[in-house]
Every structure is written in C-alpha cells, then in structure tokens.
Amino acid sequence: MRLSHRGIHPLVAVSVLLCALLVPTPASASEGPGASAEVARLYEEASAATVHYEAGQRAAEVQRAEVRKLDRLLTKEQHAVAVLHGDLGRMASAQYRTGGGLPQTAQLLLADSPEELMRGQRVLWQADLAVNNAVIKTQRAAARLADAKHAADRAKRTLDRRNAHLAKLKRGIESKLASAQWALQGEADRSVAAGQCRGAVRLEQPQIVDTRAWVPPVETYELSAGFGSAGARWASRHTGQDFAVGIGAPVRSVGAGRVVKVSCGGAFGIEVVVEHEGGYYTQYAHLSAVTVDQGELVAPGQWVGQAGTTGNSTGPHLHFEVRLTPYLGSGIDPATWLAERGVPL
C-alpha cells in the first residue's frame with residue numbers, strides 16, 4: 001500500500017476555528033444532516049488540532065536545537081576561560097621565578113641590565129592586560145550565553161506544555177469522531193437493511209479553489225485493493241480501486257458530470273454513479289451517506305457522499321470504479337484512467 005496526499009488533509013484544523021461548517025437544507029428537500037454533519041465537523045476539528053500540534057512539535061524541536069547549540073557554545077567559552085586562567089597562572093609563576101615577587105626598586109638594584117628588566121616588565125604588563133581583557137570578554141559572553149540558554153529552556157518548556165494540551169485536545173476530538181462515525185454508519189446500515197435511501201444529506205461544502213478538470217475521489221488516502229486483484233471477497237476479480245479512508249470522510253466527484261444513480265442496496269451498499277463527458281461513468285460505493293440527488297449536475301471536487309462500510313465491505317473504505325456504462329461489468333482500470341487525466345494515485 002502506498003500513502004498518497006492530494007490537496008488538504010481530510011483531518012485538517014483546531015476545534016475553535018470551525019464551528020459552522022455544515023448547514024442543513026429544509027427537511028422537505030432532504031434529510032437533516034444529523035450524524036453526517038457531526039462527523040464532517042469533527043473531521044475538520046481533528047484536522048485543525050493535528051495541524052496545530054504538528055506545528056508546535058516543529059517549533060519545540062527548533063527550540064531544542066537552539067538549546068543544544070547554546071550548550072555547545074557555552075562549553076566552548078568555558079573552556080576558553082579555563083585556558084586563559086591557566087596561562088595567567090603560568091605567567092605569574094614565571095614572573096615570581098624571575099624576581100617578580102621583589103619590589104620594583106629591589107629588582108632594579110639587583111638587575112644586571114635595568115633597561116632590559118624594564119622592557120621585560122612592560123611586555124609582561126601588556127600580556128597581563130591583554131589576558132585580563134580576554135578573560136573579561138569571555139566571561140561576559142558566557143553570561144550572555146547562559147541567559148540565552150535559560151530563555152530557550154523556558155520557551156521549550158512552554159512549547160512542551162502547549163503540545164501536551166494540544167495532544168490531549170486531539171485525542172478528545174478523535175474519540176468523539178470515532179463515536180460519531182459509528183453512529184453515522186449505524187444510520188447507513190439501517191437504510192441499507194430497509195432498502196430505502198435516506199436521501200441526500202446537504203452539507204455546506206468548502207469553496208472549491210482547485211482549477212483542475214480532474215481530481216482524486218478523496219483528498220488524503222491509502223491505496224488498498226487495486227483493479228483486477230484476486231481474492232475470496234470477490235466473485236471473480238476486483239472491479240475497482242479501493243481507497244482506505246475513515247467513515248464519514250468526504251468523497252468527491254473526480255470530474256464534472258451528472259449523477260445518474262443513487263442506490264442503497266446490494267453488495268455495494270450506498271453508492272453513487274456519475275456520468276462524465278466522453279461516455280465514461282464513475283462509481284463511489286460503500287458510502288455512509290450521499291450528498292447529491294439523482295439527476296444533479298456536479299463539479300470536479302464536489303462532495304457526492306461520505307465514505308463508509310455499507311454492503312459487502314470488510315472495513316471503512318471507498319470503492320471507486322470507472323466504467324464504460326453505468327453498470328457493473330464494464331469497468332476499466334481507474335488508476336490508468338485517472339493518470340491519463342493528470343491525476344496519478
């Protein structure tokens with residue numbers, strides 16, 4: 001299986017940002033959103049929390065790297081100070097051995113060459129002064145580095161606390177999402193068992209900004225069973241391409257077209273079939289809800305339903321087919337067909 005990302009992550013953004021994503025249409029036109037709206041909203045909230053959490057993790061890692069860098073610089077400066085102190089000690093010992101411990105007047109009286117002694121003293125004083133200045137500068141630099149390290153440590157602790165809060169928020173949203181997903185799936189299963197579709201669930205969709213004529217049927221996904229796969233689950237071979245996504249994940253029309261079928265019975269569970277130019281048809285099956293009506297015109301990227309696990313399905317996923325007719329048995333390889341239209345999976 002291969003992880004693919006197309007467009008915005010379906011789990012993208014923070015709970016406080018997305019409160020009114022979904023708006024129901026009048027009950028006479030369609031069934032109220034119910035669990036469908038709750039799932040879609042929680043997907044957005046979990047996505048936002050994930051984005052903020054990951055951004056916080058990246059910021060914390062930057063702070064940790066800064067702390068490590070400051071630690072290295074501080075160690076280097078401390079070593080330089082220690083070397084300078086050692087040099088000063090050796091110079092002081094040398095000065096003492098050469099009479100540095102005697103008063104200046106006594107040294108002048110005892111010296112063989114007073115002029116040479118004075119020159120040596122000047123050189124020593126200059127060296128002492130240079131070393132003392134270097135020590136002071138290094139100590140100041142070390143103090144500044146220590147302050148910077150403390151500040152970086154504080155920032156890292158703050159980020160860690162923030163990340164822990166975001167992680168807790170994310171876990172809470174995901175727990176609610178799991179409950180809402182199975183509530184939605186329960187509604188879908190009851191519809192399939194009764195053989196009566198609930199009708200289109202009208203959700204306010206995000207504005208479509210993608211200008212491509214063709215898009216993948218879901219935004220973020222993991223490919224599972226491919227076209228032509230053999231297995232005990234199918235009478236012959238697999239007739240489409242499966243996308244492993246969660247219950248309630250938005251399912252999109254891959255291109256412009258007209259909805260020619262909305263059904264909720266049989267092996268495919270809840271399904272939508274869209275007719276496209278050139279005589280091609282696309283099928284979206286095992287849905288938990290539909291968001292369009294039969295005969296409706298759809299644009300590329302427009303939501304036609306929400307993923308689920310209705311019908312002959314072993315787990316949540318989207319079964320996607322490309323057909324030469326609206327009917328089962330006329331399928332062609334969806335991956336090849338989409339790739340020819342600039343949509344590699």
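The values are calculated or read from the model by the stated rules, or taken from the named source; none is laboratory data. Everything numeric here is computed off the predicted structure, so don't read it as measured data. So basically every Cβ, Gly included, is an ideal-geometry build from the backbone, and we count neighbours across all protein chains shown. Calculation scope for accessible area: heavy atoms of the full protein, side chains included, ligands and nucleic acids excluded. Shrake-Rupley method; radii C 1.70, N 1.55, O 1.52, S 1.80 Å.
Some points to look at:
- Contact annotation: residue pairs with Cβ atoms under 9 Å, 6 or more positions apart or on different chains, pairing a residue in the range 43-57 that is more than 17 Å from residue 176 (Cβ to Cβ) with a partner that is open to solvent by 40 Å² or more (accessible area, probe 1.4 Å) and not in a helix (DSSP H, G or I), are 51/9; 51/11.
- Cross-chain or 6+ apart pairs with Cβ under 6 Å, the range 257-269 first and surrounded by 17 or more Cβ atoms within 10 Å (Cβ to Cβ), then modelled with pLDDT under 90 and of a type in the set (S, T, N, Q): 264/191
- The range 227-244, subset over 22 Å from residue 304 (Cβ atoms) and not in a strand (DSSP E or B), residue modelled with the lowest pLDDT: 234
- Number of residues in the range 143-194 that are open to solvent by 50 Å² or more (accessible area, probe 1.4 Å) and either of a type in the set (Ser, Thr, Tyr) or not in a helix (DSSP H, G or I) (or both): the value is 3.
- So residue 281, is it exposed (fewer than 15 other Cβ atoms within 10 Å of the Cβ), on the phi < 0 side of the Ramachandran plot and over 27 Å from the mean Cα position of the chain (by Cα): no
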